[in-house]
Amino acid sequence: VASGSRPTPMRRQILAISCALLAATSCDQPPTDTIRIGILPDCDTFGAPFYDVSLAGAELPLLRRGGSLDPSHLEDGVQGVSVGGHAIELAFGCAGDSVRTVAETRRLVEVEGVDVVIGPNVFPNVTLIDYARRHPATTFLIATLEPYLGYVGPNVFRLTANSVQLGAGLGSYAFGELGWRRAATIVSPDFQQWGIYGGFLAEFCSLGGRIPD
(Lines give C-alpha, C1' and ligand atoms only; values in the text may rest on other atoms or scores of the structure.)
Protein backbone atom coordinates (compact mmCIF):
# COMPACT_ATOMS: atom_id res chain seq x y z
CA VAL A 1 0.00 0.00 0.00
CA ALA A 2 1.51 3.31 -1.06
CA SER A 3 2.12 5.91 1.62
CA GLY A 4 -0.99 7.98 2.20
CA SER A 5 -3.33 5.63 0.33
CA ARG A 6 -6.14 3.74 2.00
CA PRO A 7 -5.48 -0.01 2.41
CA THR A 8 -7.66 -2.44 0.52
CA PRO A 9 -10.57 -3.94 2.51
CA MET A 10 -8.83 -7.32 2.73
CA ARG A 11 -5.55 -5.80 3.92
CA ARG A 12 -7.42 -3.62 6.41
CA GLN A 13 -9.30 -6.66 7.71
CA ILE A 14 -6.13 -8.69 8.15
CA LEU A 15 -4.39 -5.86 9.98
CA ALA A 16 -7.32 -5.08 12.23
CA ILE A 17 -8.11 -8.69 13.05
CA SER A 18 -4.47 -9.34 13.88
CA CYS A 19 -4.52 -6.45 16.31
CA ALA A 20 -7.87 -7.37 17.81
CA LEU A 21 -6.87 -10.98 18.37
CA LEU A 22 -3.62 -10.09 20.15
CA ALA A 23 -1.38 -10.69 17.14
CA ALA A 24 -0.53 -7.05 16.51
CA THR A 25 2.89 -5.58 17.11
CA SER A 26 3.93 -1.97 17.42
CA CYS A 27 5.72 -0.52 14.43
CA ASP A 28 8.36 2.18 14.29
CA GLN A 29 7.33 3.74 11.00
CA PRO A 30 4.87 6.65 11.15
CA PRO A 31 1.27 5.60 10.48
CA THR A 32 -0.07 6.28 7.01
CA ASP A 33 -3.72 5.64 7.80
CA THR A 34 -5.94 4.85 10.77
CA ILE A 35 -7.76 1.60 11.45
CA ARG A 36 -10.73 2.16 13.76
CA ILE A 37 -12.02 -0.79 15.78
CA GLY A 38 -15.48 -0.66 17.32
CA ILE A 39 -15.94 -2.61 20.57
CA LEU A 40 -19.56 -3.63 21.22
CA PRO A 41 -19.99 -5.61 24.47
CA ASP A 42 -23.24 -6.17 26.33
CA CYS A 43 -24.14 -3.32 28.67
CA ASP A 44 -27.83 -3.98 29.20
CA THR A 45 -28.61 -7.70 29.61
CA PHE A 46 -26.91 -10.71 31.20
CA GLY A 47 -23.40 -9.46 30.41
CA ALA A 48 -23.91 -5.93 31.72
CA PRO A 49 -21.88 -6.46 34.95
CA PHE A 50 -18.84 -7.24 32.78
CA TYR A 51 -19.14 -4.29 30.42
CA ASP A 52 -16.16 -2.38 31.83
CA VAL A 53 -14.11 -5.56 31.96
CA SER A 54 -14.85 -6.17 28.28
CA LEU A 55 -13.64 -2.68 27.38
CA ALA A 56 -10.50 -3.18 29.45
CA GLY A 57 -9.90 -6.48 27.68
CA ALA A 58 -9.90 -4.67 24.35
CA GLU A 59 -7.47 -2.05 25.63
CA LEU A 60 -4.98 -4.32 27.41
CA PRO A 61 -3.22 -5.83 24.36
CA LEU A 62 -2.74 -2.34 22.93
CA LEU A 63 -1.33 -1.04 26.22
CA ARG A 64 1.10 -3.95 26.25
CA ARG A 65 2.31 -2.90 22.82
CA GLY A 66 3.22 0.64 23.74
CA GLY A 67 -0.16 2.36 23.85
CA SER A 68 -1.23 4.80 26.52
CA LEU A 69 -4.43 6.08 28.12
CA ASP A 70 -5.36 9.72 28.41
CA PRO A 71 -6.21 10.01 32.14
CA SER A 72 -8.59 12.88 31.46
CA HIS A 73 -10.46 11.08 28.64
CA LEU A 74 -10.45 7.35 29.40
CA GLU A 75 -13.44 6.87 27.11
CA ASP A 76 -11.22 7.72 24.14
CA GLY A 77 -9.47 4.35 24.35
CA VAL A 78 -5.77 3.70 23.76
CA GLN A 79 -3.48 6.07 21.93
CA GLY A 80 -0.09 5.71 20.31
CA VAL A 81 -0.35 2.20 18.82
CA SER A 82 0.15 1.24 15.19
CA VAL A 83 0.28 -1.99 13.23
CA GLY A 84 1.67 -2.31 9.73
CA GLY A 85 2.15 1.46 9.66
CA HIS A 86 -1.48 2.18 10.49
CA ALA A 87 -2.61 3.84 13.69
CA ILE A 88 -5.15 1.90 15.76
CA GLU A 89 -8.10 3.67 17.37
CA LEU A 90 -10.89 2.21 19.50
CA ALA A 91 -14.53 3.29 19.58
CA PHE A 92 -16.86 1.91 22.25
CA GLY A 93 -20.49 0.89 21.89
CA CYS A 94 -23.19 -0.60 24.08
CA ALA A 95 -25.09 -3.74 23.08
CA GLY A 96 -28.33 -4.81 24.69
CA ASP A 97 -31.58 -6.01 23.20
CA SER A 98 -31.81 -6.56 19.45
CA VAL A 99 -32.98 -3.01 18.68
CA ARG A 100 -30.26 -1.32 20.70
CA THR A 101 -27.57 -3.63 19.35
CA VAL A 102 -28.40 -2.83 15.73
CA ALA A 103 -28.65 0.89 16.51
CA GLU A 104 -25.23 0.87 18.16
CA THR A 105 -23.74 -1.13 15.30
CA ARG A 106 -25.02 1.46 12.84
CA ARG A 107 -23.61 4.28 14.97
CA LEU A 108 -20.18 2.66 15.11
CA VAL A 109 -20.08 2.02 11.36
CA GLU A 110 -21.86 5.08 9.98
CA VAL A 111 -20.99 7.77 12.54
CA GLU A 112 -17.76 6.61 14.15
CA GLY A 113 -16.47 5.21 10.85
CA VAL A 114 -15.03 2.00 12.27
CA ASP A 115 -13.38 -0.52 9.96
CA VAL A 116 -13.97 -3.46 12.32
CA VAL A 117 -16.81 -4.23 14.75
CA ILE A 118 -16.01 -6.69 17.57
CA GLY A 119 -19.24 -7.90 19.17
CA PRO A 120 -21.90 -8.12 20.26
CA ASN A 121 -21.37 -10.88 22.81
CA VAL A 122 -25.12 -11.55 22.85
CA PHE A 123 -27.01 -13.50 20.21
CA PRO A 124 -27.12 -11.41 17.03
CA ASN A 125 -30.36 -11.08 15.14
CA VAL A 126 -31.22 -11.36 11.47
CA THR A 127 -31.18 -7.58 11.06
CA LEU A 128 -27.57 -7.37 12.25
CA ILE A 129 -26.48 -10.14 9.90
CA ASP A 130 -28.25 -8.43 7.01
CA TYR A 131 -26.56 -5.17 7.97
CA ALA A 132 -23.17 -6.90 7.79
CA ARG A 133 -24.08 -8.26 4.38
CA ARG A 134 -24.79 -4.75 3.10
CA HIS A 135 -21.52 -3.33 4.45
CA PRO A 136 -18.85 -5.55 2.90
CA ALA A 137 -16.08 -3.02 3.53
CA THR A 138 -16.54 -3.42 7.30
CA THR A 139 -15.29 -6.50 9.13
CA PHE A 140 -17.59 -7.99 11.77
CA LEU A 141 -16.21 -10.25 14.50
CA ILE A 142 -19.32 -11.55 16.26
CA ALA A 143 -19.04 -13.55 19.47
CA THR A 144 -21.61 -16.12 18.39
CA LEU A 145 -23.17 -16.61 14.99
CA GLU A 146 -24.45 -20.17 15.08
CA PRO A 147 -28.14 -19.50 14.37
CA TYR A 148 -27.16 -17.59 11.23
CA LEU A 149 -24.47 -19.74 9.65
CA GLY A 150 -26.29 -19.35 6.34
CA TYR A 151 -24.36 -16.10 6.00
CA VAL A 152 -20.85 -15.89 7.35
CA GLY A 153 -19.42 -14.19 4.33
CA PRO A 154 -15.97 -12.76 3.63
CA ASN A 155 -16.45 -9.93 6.15
CA VAL A 156 -18.10 -11.82 9.05
CA PHE A 157 -16.23 -14.04 11.50
CA ARG A 158 -17.33 -15.97 14.59
CA LEU A 159 -15.13 -15.85 17.70
CA THR A 160 -16.59 -18.78 19.67
CA ALA A 161 -16.95 -22.50 19.14
CA ASN A 162 -20.26 -23.69 17.74
CA SER A 163 -22.33 -26.20 19.69
CA VAL A 164 -21.00 -29.22 17.78
CA GLN A 165 -17.46 -28.15 18.62
CA LEU A 166 -18.48 -27.78 22.27
CA GLY A 167 -19.47 -31.45 22.30
CA ALA A 168 -16.35 -32.66 20.50
CA GLY A 169 -14.13 -34.93 22.56
CA LEU A 170 -16.87 -36.24 24.83
CA GLY A 171 -17.60 -39.25 22.63
CA SER A 172 -13.96 -40.29 22.49
CA TYR A 173 -13.60 -39.84 26.25
CA ALA A 174 -16.69 -41.91 27.00
CA PHE A 175 -15.61 -44.71 24.64
CA GLY A 176 -11.90 -44.79 25.38
CA GLU A 177 -11.52 -43.64 28.97
CA LEU A 178 -14.83 -44.65 30.56
CA GLY A 179 -15.26 -47.82 28.50
CA TRP A 180 -18.83 -47.04 27.45
CA ARG A 181 -20.29 -49.02 24.57
CA ARG A 182 -23.95 -48.03 24.92
CA ALA A 183 -25.37 -44.68 26.02
CA ALA A 184 -28.75 -43.00 26.32
CA THR A 185 -28.96 -39.25 25.84
CA ILE A 186 -31.34 -36.52 27.00
CA VAL A 187 -31.34 -33.37 24.88
CA SER A 188 -33.38 -30.17 24.99
CA PRO A 189 -35.02 -29.45 21.60
CA ASP A 190 -33.05 -26.39 20.61
CA PHE A 191 -30.22 -25.74 18.16
CA GLN A 192 -27.47 -25.57 20.77
CA GLN A 193 -28.36 -28.77 22.64
CA TRP A 194 -28.85 -30.73 19.42
CA GLY A 195 -25.44 -29.50 18.28
CA ILE A 196 -23.70 -30.55 21.50
CA TYR A 197 -25.38 -33.95 21.22
CA GLY A 198 -24.26 -34.19 17.60
CA GLY A 199 -20.65 -33.62 18.62
CA PHE A 200 -20.89 -36.49 21.09
CA LEU A 201 -22.82 -38.77 18.73
CA ALA A 202 -20.42 -38.39 15.80
CA GLU A 203 -17.39 -39.53 17.81
CA PHE A 204 -19.02 -42.14 20.01
CA CYS A 205 -20.73 -44.00 17.17
CA SER A 206 -17.75 -43.73 14.81
CA LEU A 207 -15.69 -45.62 17.40
CA GLY A 208 -18.26 -48.40 17.69
CA GLY A 209 -20.53 -47.05 20.41
CA ARG A 210 -24.33 -47.37 20.19
CA ILE A 211 -27.05 -45.01 21.32
CA PRO A 212 -30.31 -46.98 21.46
CA ASP A 213 -32.36 -44.09 22.85
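The values are calculated or read from the model by the stated rules, or taken from the named source; none is laboratory data. Here the structure is a predicted model, which is why all the values come from computation and not from measurement. Here the Cβ positions follow ideal geometry from the backbone for every residue, glycine too, while neighbour counts run over all protein chains shown. Ligands, DNA and RNA are stripped out before the accessible areas are found, and what is left, the full protein with its side chains, is counted by its heavy atoms. Shrake-Rupley method; radii C 1.70, N 1.55, O 1.52, S 1.80 Å.
Observations
- Cα→Cβ-extended label distance, 7 Å offset, between LEU166 and GLU110, nm: 3.3 nm
- Beta bridge orientation in region 78-213: antiparallel %, DSSP, nearest 5: 20 percent
- Full extension of the chain between ARG181 and HIS135 gives 11.6 nm of extra length, using 0.36 nm per residue less the Cα-Cα distance.
- Solvent exposure, largest accessible area first (probe 1.4 Å, DNA, RNA and ligands not counted), of ARG134, ARG36: ARG134, ARG36
- In region 152-213, the trypsin sites (Lys or Arg not before Pro) that fall in loop regions by DSSP, at most 14 other Cβ within 10 Å: ARG181
- Couplings for region 199-213, taken from phi via the Karplus curve 6.51 cos²θ - 1.76 cosθ + 1.60 with θ = phi - 60°, read x, 5, 4, 4, 6, 4, 6, 5, 8, x, x, 10, 10, x, 8 Hz in order; Gly and Pro are left as x.
- VAL83 long-range amide H proximity, modeled H, under 5 Å: ILE88
- Probe 1.4 Å, accessible area per residue of region 160-213, Å²: 64 Å²
- In this structure CYS205 has an accessible area near 60 Å², from a 1.4 Å probe over the protein heavy atoms.
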